[in-house]
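Asker: Quick one: this structure, given as structure tokens, is what I'll be asking you about.
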Amino acid sequence: MEVEGKGGEAGTTTTATRRFALPVDAENKSTTFRLFSVAKPHMRAFHLSWFQFFCCFVSTFAAPPLLPIIRENLNLTATDIGNAGIASVSGSVFARIVMGTACDLFGPRLASAALTLSTAPAVYFTAGIKSPIGFIMVRFFAGFSLATFVSTQFWMSSMFSGPVVGSANGIAAGWGNLGGGATQLIMPIVFSLIRRMGATKFTAWRIAFFIPGLFQTLSAFAVLLFGQDLPDGDYWAMHKSGEREKDDVGKVISNGISNYRGWITALAYGYCFGVELTIDNIIAEYFFDRFHLNLQTAGIIAASFGLANFFARPGGGIFSDLMARRFGMRGRLWAWWIVQTLGGVLCAFLGQIHSLTWSIVVMLIFSVFVQAVCGLTFGVVPFISRRSLGVISGMTGAGGNVGAVLTQLIFFKGSTYSRETGITLMGIMSIACSLPICFIYFPQWGGMFCGPSSKNVTEEDYYLAEWSSKEKAKNSSQKFAETSVSERGRASTHPQT
């Protein structure tokens, strides 16, 4: 599979000082996306980032497919299970915000590997828990690893040019999120294999957690050993040589949080990725209890939801890029809003179905929409801010976890609502939270309902406004502005200045 933007040519590209296997733009970002390549640094960063995120996802959601066994062993109540689900996604709210800033200051390689290594012990410790409190705590700390999503999106946005960045972000995140479905298959199989070796069921589930913990650890070392922060090198080396200036952390954060577009992406993402996280936590138990299925059958059905990430989220990113080529940023925004609204409708409908067959069918269709809209969201995020890309990515990613926490706290904790009613209300919330997308407006490109505010407003005006007059000569926003003119689209009459 190859996705190519304007100006992309086959073959090796050479800059004034560096030689790359893929064609690059003025920032040395790849203008093409070749899925089956491992070319350094662009495609190697892609494969390392999605695999690390995949391993973290498997670890975080390793418990839900084994819940029928775990709850019996630890005497978990419905409230305990609900609290554990909330804990698993609430920990990374703060971690994602911090991760964004860490990527801006230290680079995605060190930031992601450090987090992955520091959270792996929580996965191993799951084998030794003896109480509901212990179960909640290990799920809380293991969930911090989901902040590697932010480093994944930051890394892809740093390696790939605007015309293909939606595809790169979508595929990397989609394949990483695939861990949420894969773990629904992996953990019951690992559990069964350990049982066949002679272990009791209460011992087998504990031993099973060493598998995701081990792979999470190995992925972090792979990133450290083989990854590279930017096309031009690692942050620490570029800072040391003076090739890259160290930015002011206060200005990076304030610039990011003062951009209202980042808050809207956080809200909308809260009810697409937040919905996905919630489903990952509840769906196996939902089918197990409601339709009286066995553990492995419920796991297979639940896995089919997460496994749609293999093509759905990447498809959303690719769709965002295709819309941008024809309609510019306005096309990205329209596609995002339409797909999220339809996903919300399907979610609401899912909660009203009483047939096992139709529940599975609607769930599969819903999974495609809810995961595609995640890819569409991060087709827009890289263009909101150049200086504070990590902060905006962190805010948006954290919004997904906040949405999951609030949804599970309100609709799926205890017995206030049935699972069916909770799913329906979650769909309605998704529809409502997609409406603010209509208010995202870029003066140089326009918004959903109107074009650019003035033909005199350029990409340079927008991105260089993030810097003071003294700082402008020391940043790379000028080059980014030059490459982002593609967001005008072919349909635009905005002059190429």
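We did not get these values from a lab; they are worked out from the coordinates using the rules stated. Just so we're clear, the structure is a prediction, and the values are computed from it rather than from any experiment. So basically every Cβ, Gly included, is an ideal-geometry build from the backbone, and we count neighbours across all protein chains shown.
Asker: Check Phe160: other-chain or 5+ apart residues with amide H under 5 Å from its amide H, H built from backbone geometry?
Answerer: Amide H to amide H, under 5 Å and 5 or more residues apart or across chains, Phe160 pairs with Ser30.
Asker: OK, next. Want the number for Ile189 to Phe439: 0.36 nm per residue separation, take away the alpha-carbon distance, what's left?
Answerer: Result for the pair: 85.3 nm of gain on full extension.
Asker: Of the options Ile282, Gly299, Phe366, report the single residue whose Cα projects farthest towards the positive end of the charge dipole of the chain (beta-carbon charges: Lys, Arg +1; Asp, Glu -1).
Answerer: Of the listed residues, the answer is Gly299.
Asker: With the alpha-carbon atoms as the only input, what is the per residue convex hull volume for the stretch 280-321 in Å³?
Answerer: Each residue corresponds to 63 Å³ of Cα convex hull volume.
Asker: Show me the trypsin sites (Lys or Arg not before Pro) within the stretch 15-119 that DSSP assigns to loop and that have at most 14 other Cβ atoms within 10 Å of their Cβ.
Answerer: Sparse-neighbourhood loop trypsin sites (Lys or Arg not before Pro): Arg18.
Asker: Right, here's the next one. For the stretch 282-359 and the stretch 162-219, write down the distance between their C-alpha centroids in whole Å.
Answerer: Answer, in whole Å: 20.
Asker: Amide H neighbours of Phe20 under 5 Å, at least 5 residues apart or on other chains, H built in the peptide plane: list them.
Answerer: Result for Phe20 returns Thr13, Thr14, Thr15.
Asker: Can you compute log10 of I(q)/I(0) for the stretch 206-249 with the Debye formula, treating each Cα as one identical point scatterer, at q = 0.18, 0.21 Å⁻¹?
Answerer: -0.65, -0.74
Asker: What distance in nm separates the simple spin-label points at Ile338 and Glu72, each placed 7 Å from Cα in the Cβ direction?
Answerer: With each label point 7 Å from Cα toward Cβ, the separation is 4.9 nm.
Asker: If you don't mind, there's one more thing I want to ask. What distance in nm lies between label points placed 7 Å from Cα along the C-beta direction at Ile257 and Asn456?
Answerer: 3.4 nm
Asker: Under 5 Å between amide H atoms, partner at least 5 residues away or on a different chain: which partners does Gly447 have, H built in plane at 1.01 Å?
Answerer: For Gly447, whose amide H was placed from the backbone, the distant partners under 5 Å are Phe442.
Asker: What percent of all Cα-Cα pairs in the stretch 226-290 falls into each 5 Å bin, going from 0 up to the bin containing the maximum distance?
Answerer: The percentages, shortest bin first, are 3, 13, 11, 10, 11, 13, 14, 9, 7, 5, 3, 1, 0.
Asker: Could I ask something else about it? Normalised by the number of residues in the stretch 81-140, what is the relative contact order in percent for Cα pairs under 8 Å and 6+ residues apart?
Answerer: Here the relative contact order equals 58 percent.
Asker: Please state the shape class of the stretch 97-192: rounded when a/c is under 1.5, otherwise prolate if a/b exceeds b/c and oblate if not, all from the C-alpha gyration tensor.
Answerer: It comes out oblate by the Cα gyration axes.
Asker: Something else now. So what's the convex hull volume per residue for the Cα atoms of the stretch 309-396, in Å³?
Answerer: Roughly 95 Å³ of hull volume per residue.
Asker: Now for a separate question. Check every DSSP H run in the chain and write down those whose alpha carbon atoms cover 30 angstrom or more along the long axis and whose mean Kyte-Doolittle hydropathy is 0.0 or greater.
Answerer: 78-106, 162-196, 329-350, 356-380, 389-411
Asker: If I model a spin label at Phe349 and Ser418 as a point 7 Å from the Cα along the Cα→Cβ vector, what separation in nanometres do I get?
Answerer: Taking the simple label geometry, Phe349 and Ser418 are separated by 2.0 nm.
Asker: Which order, highest average first, do 112-123, 275-286, 459-470 follow once you tally other Cβ atoms within 10 Å for each residue and take the mean per peptide?
Answerer: The peptides rank, most packed first, as 275-286, 112-123, 459-470.
Asker: Sticking with this one: For Cα pairs less than 8 Å apart in space and 6+ apart in sequence, what is the mean separation divided by the residue count of the stretch 21-149, i.e. the relative contact order in percent?
Answerer: After rounding, I find 32 percent.
Asker: Quickly rank 250-258, 387-395, 132-140 as a protection proxy: mean count of other C-beta atoms within 10 Å, highest first.
Answerer: Packing order, densest peptide first, comes out as 387-395, 132-140, 250-258.
Asker: From largest to smallest, what semi-axes in whole angstrom does the chain give when each is the square root of 5 times an eigenvalue of its alpha carbon gyration tensor?
Answerer: Its equivalent ellipsoid spans semi-axes of 38, 25, 19 Å.
Asker: In Å and whole numbers, how far do the C-alpha atoms of the stretch 156-281 stretch along each principal axis, longest first?
Answerer: Answer, in whole Å and largest first: 59, 37, 30 Å.
Asker: Over the chain, what relative contact order in percent results from Cα pairs under 8 Å that are six or more residues apart?
Answerer: Relative contact order here is 22 percent.
Asker: Separate question: Round to a whole angstrom and tell me the spacing of the C-alpha centers of the stretch 410-461 and the stretch 253-275.
Answerer: Rounded to whole Å, the Cα centres lie 10 Å apart.
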